């Protein structure tokens, strides 16, 4: 009888978790492009409320916070260590972002307050990554992106959010909200860890077209000399 491969907790491992299983297989979403379509603040808060009151809910809210309020990529969020947080400065250290680049990003006071419940729970778990496995023999180890995405998607559906609710959508929401607040584009670029402004501008495509129309429509008239007319006599 073929021997079974077991994980650290003694459970049978799925073949999909084995190294090389996905080699040569094209991702199911290869070639697909999704519109920015970032969720609204009301939708994000609804998902945070729907996460529940236990440790799993606190961890999911913490994930949403660092994706939405710090603008991190899912890989950057799940690689964070507890020591990468500096609340006194309002800073989060990304040790290895896209392209191996290291950067510090800011996070607002409200976000730190929302993170506090998970930090208290995290202190009772084995040392490891900030957003870690909670239960079983693997507690303290890195939370897998596929599992995090699944919980996020399931909770969004439970909250009644009828749009795609993925980690990258929260990053888009972060960029759009900062643009609304008048944050300079170059600061948004540094916060998101983009190599050039062209990529950052793509993130801002989530700004609603009606807002663009209203903004341009309300522009003041050009200032011209009182004696200068536009119609020749």
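The values are calculated or read from the model by the stated rules, or taken from the named source; none is laboratory data. Every value quoted in this text rests on a predicted model; they were computed, and no experiment measured them. Here the Cβ is made from the backbone with ideal geometry for all residues, glycine too, and neighbour counts use every protein chain on show.
Restricting attention to region 73-130, which residues are assigned to a loop (DSSP other than H, G, I, E, B) and farther than 26 Å from residue 41 by Cβ?
Result: 88, 95, 96, 101, 102, 123, 124, 125, 126, 127, 128.
Only residues that are at negative phi, surrounded by fewer than 23 Cβ atoms within 10 Å (Cβ to Cβ) and either modelled with pLDDT of 95 or more or touching a helix residue (DSSP H, G or I) at 6+ places or on another chain (Cβ under 7 Å) (or both) were counted in region 23-41, giving 2.
Kindly indicate whether residue 70 is at pLDDT below 90, surrounded by 13 or more Cβ atoms within 10 Å (Cβ to Cβ), under 19 Å from the mean Cα position of the chain (by Cα) and assigned to a loop (DSSP other than H, G, I, E, B).
no
With respect to the stated conditions, residue 113 is under 18 Å from residue 59 (Cα atoms), exposed (fewer than 13 other Cβ atoms within 10 Å of the Cβ) and free of Cβ contacts under 8 Å to residues at least 12 places away in the same chain. Residues of region 184-203 that are surrounded by 15 or more Cβ atoms within 10 Å (Cβ to Cβ) and in a loop (DSSP other than H, G, I, E, B): 193, 194.
On the basis of being in contact with a helix residue (DSSP H, G or I) (Cβ under 9 Å, 6 or more places away or on another chain), touching a residue at least 60 places away in the same chain (Cβ under 8 Å) and farther than 20 Å from residue 83 by Cβ, does residue 170 make the cut? Spelling it out, residue 170 is indeed in contact with a helix residue (DSSP H, G or I) (Cβ under 9 Å, 6 or more places away or on another chain), touching a residue at least 60 places away in the same chain (Cβ under 8 Å) and farther than 20 Å from residue 83 by Cβ. Whenever a residue of region 66-95 is closer than 17 Å to residue 110 by Cβ, it has no partner that is at pLDDT 95 or above and surrounded by fewer than 14 Cβ atoms within 10 Å (Cβ to Cβ) lying with C-beta atoms less than 8 angstrom away and at least six residues away or across chains. Across region 49-65, the number of residues qualifying as within 23 Å of residue 125 (Cβ to Cβ) and either without any contact (Cβ under 8 Å) to a residue 60 or more places away in the chain or surrounded by fewer than 18 Cβ atoms within 10 Å (Cβ to Cβ) (or both) comes to 8. Per the conditions (1) closer than 28 Å to residue 190 by Cβ; (2) assigned to a helix (DSSP H, G or I); (3) at pLDDT below 95, the sole criterion not satisfied by residue 146 is (1).
Being modelled with pLDDT of 70 or more and touching a strand residue (DSSP E or B) at 6+ places or on another chain (Cβ under 9 Å) is a property that holds for residue 192.
Please verify whether residue 92 is out of contact with any strand residue (DSSP E or B) (no Cβ under 7 Å at 6 or more places or on another chain), at pLDDT 90 or above, surrounded by 14 or more Cβ atoms within 10 Å (Cβ to Cβ) and farther than 15 Å from residue 194 by Cα, treating the condition exactly as stated.
For residue 92, the condition - out of contact with any strand residue (DSSP E or B) (no Cβ under 7 Å at 6 or more places or on another chain), at pLDDT 90 or above, surrounded by 14 or more Cβ atoms within 10 Å (Cβ to Cβ) and farther than 15 Å from residue 194 by Cα - is not met.
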